[in-house]
Each structure stands twice: as C-alpha cells, then as structure tokens.
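*Asks:* This structure is in structure tokens; I'll ask about it shortly.
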Amino acid sequence: MRKIIFILGLIIGVSAFSTSYGYRQACKGVSAGGFHTCVLNAGGNVDCYGDNFAGRAEDYTKGDAVGVSAGESHTCVLTSDGNVD
C-alpha cells in the first residue's frame, strides 16, 4: 500500500511540475523506479525526475521511444525499431 501511495504521489508531482513549468506534451506512459520516475511523452522522448544516482534518471531525447520501464536502479527505453536503450 505504501508503494502505491508513493507512486501516486510521484504522478501527481510530475503533473504539478508539468503545469508549473509549462510542459505541455501529452503523456503516453509513466514508470516509477526506486527513487525516480520517468514519463514517456507523445514526442517519443522520455523525461525523468528524481534521484540520478548511477545515471538512472537521465532523459532520453532521440524521439523514437515507444515504452519506458524504471526499476530500482535502472531505466530502460524501448525504441520504435524494437531495441532497448
């Protein structure tokens, strides 16, 4: 139950961040890791927020992302050609 509340808090936090800073792209997916959350936007990029220990919260800006999965200490991006970055 604590993890569900934590994830909802992160989603609400990302939503508030988006509104506050004028981030206006549609969200196609959200994945929460241990201490970071990543958002797949309609432009095919992934924006990550939170702890960037070991580079796990770095943004993906190649424009070809179709999926994102954040784990305890990693983030994987599925690209349109079927590769994982």
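The values are calculated or read from the model by the stated rules, or taken from the named source; none is laboratory data. These numbers were taken from a predicted model, which means no experiment stands behind them. Glycine gets a Cβ as well: all are built from the backbone with ideal geometry, and neighbour counts include every protein chain shown. For accessibility, only protein heavy atoms count, side chains too; no ligands or nucleic acids. Shrake-Rupley method; radii C 1.70, N 1.55, O 1.52, S 1.80 Å.
*Asks:* Which percent of the accessible area of segment 32-85 is formed by carbon and sulfur heavy atoms (probe 1.4 angstrom)?
*Replies:* 49 percent
*Asks:* Ser80 versus Lys28, label points 7 Å from Cα toward the beta carbon: distance in nm?
*Replies:* Distance between label points: 0.8 nm.
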